[in-house]
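One structure is given below, encoded as structure tokens.
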Amino acid sequence: MSLKEDRRLLVTGGAGFIGSNFVHYWCDRYPNDRVVVLDALTYAGNRGNLSSLDDRNNFRFVQGDICDRALVFNLLQEENIDTIVHFAAESHVDRSILGPAVFIQTNIVGTFTLLEAFRYHWEKRGRATSDRETCCEATYRFLHISTDEVYGSLTPDAPAFTETTPYAPNSPYSASKAGSDHLVRSYYHTYGVPTIITNCSNNYGSYQFPEKLIPLMSINILLGKPLPVYGDGQNVRDWLYVGDHCAALDVVIHRGKPGETYNIGGNNEVKNIDLVYTLCQLMDELAPQLPVHPCHKLIGFVKDRPGHDRRYAINATKIKTELAWTPSLTIEEGLRLTVEWYLTHRDWWEPLLSEEYQAYYRQVYA
Ligand code: NAD
Ligand code: TYD
């Protein structure tokens with residue numbers, strides 16, 4: 001492998017759901033690359049997700065906050081990072097409704113702190129290198145992982161979001177992600193920092209924290225607890241298997257153009273109520289011994305989320321035509337893998353149902 005291919009990655013939020021899937025994906029696929037994870041280990045971060053990588057020489061875990069300026073500046077210099085893959089965020093809409101302040105801090109101030117550190121580091125190291133050797137310009141990247149929620153809510157027949165859909169965030173979560181996207185964009189246009197933004201649809205798969213729809217419903221089925229569907233259950237999400245997301249980020253890091261945005265979607269629009277029924281059917285088949293059978297008897301409609309976006313849908317034509325990425329799994333295949341994972345990883349999710357989590361649950365679902 002040539003030197004140009006040996007990257008030095010800083011993965012923020014690498015102990016969370018998508019981040020940890022990405023770190024495993026990357027370490028398997030590119031064993032010569034250095035991977036440094038920076039994660040504050042909030043309630044959503046789980047050090048154990050990465051413990052199987054601890055004996056690798058070119059893997060390092062640092063517990064810390066992306067808002068800690070000195071830590072971030074030093075880490076970039078010390079590790080001579082060329083690629084930031086920025087997942088770290090507060091990521092749950094319901095929590096942003098209960099307490100928005102930490103979303104502003106991590107998602108906006110944290111992203112700003114990383115951008116400043118990367119700009120400084122790139123101006124000292126990356127830009128100097130690329131002046132001499134243009135082949136190395138491609139090495140430096142700041143990849144910002146964002147969400148389709150920044151585009152707001154679609155009516156049932158409206159065309160899916162493209163990269164030029166105007167921003168119209170509706171929750172404190174999506175507004176904070178929109179703010180961070182604007183900052184990232186501005187660092188490319190103003191300073192020339194080689195940033196790229198990806199906006200992806202709802203992810204699902206292994207290691208997702210129990211508060212999100214698919215793990216919450218899967219775990220509640222296993223525990224024989226009610227399945228709380230918000231409102232009329234007709235809201236639509238476009239589901240993307242996390243492994244497909246990681247493969248998309250791979251092509252964006254290697255072949256994406258600085259200054260560009262790429263939408264990433266699974267081409268799987270499903271109404272919430274239909275998704276919950278499908279999960280119930282899968283559980284009926286894979287875990288027939290459960291006390292409540294058929295599982296759909298557990299479904300109940302609860303008070304709607306305030307400001308609940310009706311529909312999200314991603315048009316992923318750009319990444320397909322320019323970077324040759326398409327999702328590999330259908331929703332049926334991905335859901336089966338996911339349900340099997342939650343069935344066989346009780347030791348992973350059971351400790352997460354802590355007293356703090358129960359208090360959160362009571363607040364949202366009371
Ligand atoms: P997650 O909540 O599972 O993980 C977030 C991680 O960030 C955790 O490990 C947490 O400890 C860490 N973190 C939080 N605050 C931090 C801070 N101040 N400093 C350092 N680390 C901190 O989130 P996820 O679902 O894996 O999402 C990852 C990224 O992808 C987020 O930026 C999110 O906005 C975006 N995204 C997620 C989805 C989805 O469906 N999950 C969809 C689109 C976009
Ligand atoms: P979620 O996983 O929280 O992702 P997001 O809000 O970012 O799309 O929710 C997915 C959909 O499922 C969303 O329309 C809200 C709905 N939902 C429920 O109906 N019940 C629940 O308990 C949860 C967590 C979500």
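Residue-level check: of (1) part of a helix (DSSP H, G or I); (2) more than 16 Å from ligand 2 (Cβ to nearest atom); (3) open to solvent by less than 40 Å² (accessible area, probe 1.4 Å), Thr338 misses just (2). Across segment 68-100, the number of residues qualifying as of a type in the set (A, V, I, L, M) and within 20 Å of the chain's Cα centre (by Cα) comes to 6.
Selection of segment 147-177 for residues being of a type in the set (Asp, Glu) and either within 14 Å of the chain's Cα centre (by Cα) or part of a strand (DSSP E or B) (or both) yields Asp148, Glu149.
For segment 74-99, a tally of residues being within 16 Å of ligand 2 (Cβ to nearest atom), within 22 Å of Asn46 (Cα to Cα) and either part of a helix (DSSP H, G or I) or open to solvent by 40 Å² or more (accessible area, probe 1.4 Å) (or both) returns 5. The residues of segment 1-29 that are open to solvent by less than 40 Å² (accessible area, probe 1.4 Å), assigned to a loop (DSSP other than H, G, I, E, B) and away from ligand 1 (no atom under 16 Å from the Cβ) amount to a single one, Arg7.
The set of residues in segment 341-353 that are in contact (Cβ under 8 Å) with a residue 12 or more places away in the chain and exposed (fewer than 13 other Cβ atoms within 10 Å of the Cβ) comprises His345, Arg346. The condition of being within 19 Å of Phe142 (Cβ to Cβ) and in contact with a helix residue (DSSP H, G or I) (Cβ under 7 Å, 6 or more places away or on another chain) holds for only one of Ile104, Ile66, that being Ile66.
With a requirement of 1 or more residues that are within 12 Å of ligand 2 (Cβ to nearest atom) and within 21 Å of Arg362 (Cα to Cα), the strands (runs of 3 or more DSSP E) lying completely within segment 201-297 that satisfy it span 227-230. Filtering segment 178-200 to residues that are aliphatic (A, V, I, L, M) and in a strand (DSSP E or B) leaves Ile196, Ile197. Being open to solvent by 40 Å² or more (accessible area, probe 1.4 Å) and within 21 Å of Asp304 (Cβ to Cβ): is that true of Pro215 here? In short, no.
Condition test on Ala40, is it within 15 Å of ligand 1 (Cβ to nearest atom), under 29 Å from Asn170 (Cα atoms) and out of contact with any helix residue (DSSP H, G or I) (no Cβ under 7 Å at 6 or more places or on another chain)? When the stated conditions are applied, Ala40 passes them. Only a single item in (1) within 15 Å of the chain's Cα centre (by Cα); (2) more than 11 Å from ligand 1 (Cβ to nearest atom) is not met by His144, and it is number (2).
The values are calculated or read from the model by the stated rules, or taken from the named source; none is laboratory data. If you're wondering where the values come from, they're calculated on a predicted model, not measured in any experiment. Neighbour counts are summed over all protein chains in view; Cβ atoms, including those assigned to glycine, are modelled from backbone coordinates with ideal geometry. Accessible surface areas use protein heavy atoms only, side chains included; no ligands, DNA or RNA. Shrake-Rupley method; radii C 1.70, N 1.55, O 1.52, S 1.80 Å.
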